[in-house]
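> Handing you this structure, nothing more for now.
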Amino acid sequence: MSGKKTKSLDAHLRKNRTMLSQLLFLVILGTASFFFVKRIGVIRRNILSGIDWDGSDRKLERWKTMARVALGQSKMTARPVAGIMHIIIYAGFVIINIEMLEIVIDGLFGTHRIFAFLGGFYNVLIASFEWLAAGVILACVVFFIRRNGMAIVRLTSKDLQGWPSLDANIILVAEVVLMFAFLSMNAADAIAQDRGLPHYTAAGSFPVSSLLAPLYAGFSDAGIVGIERGMWWAHIVGVLSFLVYVPYSKHFHIILAFPNTYFSNLDAPAAMDNMEAVTKEVQLMMDPSADPFAAAPADAAPPKFGAKDAPDLTWKQLMEAYTCTECGRCTSECPANQTGKLLSPRKIMMSTRDRIEEIGVSREANGGEWKPDGKSLLGDWITEEELWACTSCQACVQACPINISPMGIILDMRRSLIMEDSKSPESITSMFNNIENNGAPWAFPAGDRGKWTNEV
């Protein structure tokens, strides 16, 4: 009789522990989801604070671009070593997180390996996850060594000193820890299955985690259960912590790379868009019936030429700033930067993101209204020297693995300098004057342009 009572009491305790575990899991999942969604809302508002931009055309071409560049990572392989390792990490991160569905269901309902009924297919899945986890660990270790132990100019630039470098290292270490927890969980699970412990269904294939099994083989049954549960919680809490952290990190490109590549510039790389305000002025000049002195609507804001601050940029440009991977490929390919000029396209994107973040914080603190703070992106974050160092060669655009265009921001700020502030280098001012007076950039009239042929 006492034996039955003991078994009943044990079952009751297990049930209570399971319910407590389910409740704790629900709280952690809900908390992580809340902060993630809240941060996404802030970023969305910051991006949409930019001026309108129409990317609704050529939908099929846009879908193809997104599939090729974001999903297929076609531009990453331009640098094979880094590209292949990044693809391994990317594939591992995406595919392994399929198992998160099982973990979430198990956590909410108190089950264990809920998809074990898939049989042989489940075994193949788990084995594939383990090989990918091993690949992620290897790639992250190599990336960590390259970033911190090798003098790679692209990774040691002053742009990446401080938080950008720390951010990258945090993610690399975190991914190694998460994958190790995943493999250790499976190793302990396999031991528990072999011992026939209750609640551990015989399921899964463990080609990689079996190498870790000797580390835990000497533990008691209670110890094995503790390791398996501990690593299960470490993995899920780590993943949910990563979920909260990512929107504050450069690794937010994991999400934004897809919309950013979808809204890629599909025109010729060197094509520059016309400013609507200037176009209207030209149309008025060319229309003999138009009244150039007609009064504008009383509530109409005066047109802005170019961009002086972050809200003057388009929402697409602001999204690019949040999407930037800070990989440095743009800066390493920039001819101006290579010759010692101050310009760094990577820094242009980072500065734009920092400025719109600052404006967003101010807006939130003032009930959704931004009160100008006397600062601007042009001048306080990005200098005129940086802007005029750009040769407009578009090497940065070509090099970016997710189709970001730092040159678009540079061009808009140059327009602001010239058309709003009447500022430009002497050489450019001279060129403008020559175009106005002679119809060409050269300082002599059209009739004299061919005289050089007589000097040969």
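The values are calculated or read from the model by the stated rules, or taken from the named source; none is laboratory data. This one's a predicted model, so the numbers in the text were calculated from it and none came from an experiment. All Cβ positions, even for glycine, are placed from backbone atoms using ideal geometry, and neighbour counts span all protein chains on display.
> Pairs needed: first member in segment 249-278, assigned by TED's automatic domain parsing to the domain that holds ALA70 and modelled with pLDDT under 85; second member anywhere, assigned to a loop (DSSP other than H, G, I, E, B) and aliphatic (A, V, I, L, M); C-beta distance under 6 Å; at least 6 residues apart or different chains.
none
> Just one of the numbered conditions (1) among the charged types (D, E, K, R); (2) over 28 Å from ILE98 (Cα atoms); (3) touching an Asp or Glu at 6+ places or on another chain (Cβ under 6 Å) is not true of ARG146; which one?
Just one mismatch for ARG146, condition (3).
> Name the one entry in ALA192, ALA174 that is closer than 20 Å to LYS250 by Cβ and touching a Phe, Trp or Tyr at 6+ places or on another chain (Cβ under 7 Å).
Within the list ALA192, ALA174, the selection yields ALA174.
> Is one or more of the residues making up segment 317-330 among the hydroxyl-bearing types (Ser, Thr, Tyr) and over 23 Å from MET76 (Cα atoms)?
Within segment 317-330, none of the residues are among the hydroxyl-bearing types (Ser, Thr, Tyr) and over 23 Å from MET76 (Cα atoms).
> Return yes when VAL173 is in contact with a helix residue (DSSP H, G or I) (Cβ under 7 Å, 6 or more places away or on another chain), farther than 28 Å from PHE117 by Cβ, in the same structural domain as HIS86 (by TED's automatic domain parsing) and at pLDDT 90 or above and no when it is not.
no
Residues checked against (1) crowded, with 16+ Cβ neighbours inside 10 Å; (2) under 26 Å from THR261 (Cα atoms); (3) polar (S, T, N, Q); (4) touching a residue at least 12 places away in the same chain (Cβ under 8 Å):
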{"residue": "THR391", "(1), (2), (3), (4)": "no, yes, yes, yes"}
{"residue": "ASN403", "(1), (2), (3), (4)": "yes, yes, yes, yes"}
{"residue": "MET407", "(1), (2), (3), (4)": "yes, yes, no, yes"}
{"residue": "LEU411", "(1), (2), (3), (4)": "yes, yes, no, yes"}
{"residue": "ARG415", "(1), (2), (3), (4)": "yes, yes, no, yes"}
{"residue": "SER427", "(1), (2), (3), (4)": "no, no, yes, no"}
{"residue": "THR453", "(1), (2), (3), (4)": "no, no, yes, no"}
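> Taking TRP381 as the residue in question, decide whether it is aromatic (Phe, Trp, Tyr) and in contact with an Asp or Glu (Cβ under 8 Å, 6 or more places away or on another chain).
Criteria met by TRP381.
Here's the yes/no breakdown for (1) in contact (Cβ under 8 Å) with a residue 12 or more places away in the chain; (2) closer than 30 Å to MET179 by Cβ:
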{"position": "ASN46", "(1), (2)": "yes, no"}
{"position": "LYS59", "(1), (2)": "no, no"}
{"position": "LYS64", "(1), (2)": "no, no"}
{"position": "MET76", "(1), (2)": "yes, yes"}
{"position": "GLY83", "(1), (2)": "no, yes"}
{"position": "VAL104", "(1), (2)": "yes, yes"}
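> Which of the residues belonging to segment 315-332 are part of a helix (DSSP H, G or I) and crowded, with 20+ Cβ neighbours inside 10 Å?
If the condition is that a residue be part of a helix (DSSP H, G or I) and crowded, with 20+ Cβ neighbours inside 10 Å, then LYS316, GLN317, LEU318, MET319, GLU320, ALA321, TYR322, THR323, ARG329, CYS330, THR331, SER332 are the ones that fit.
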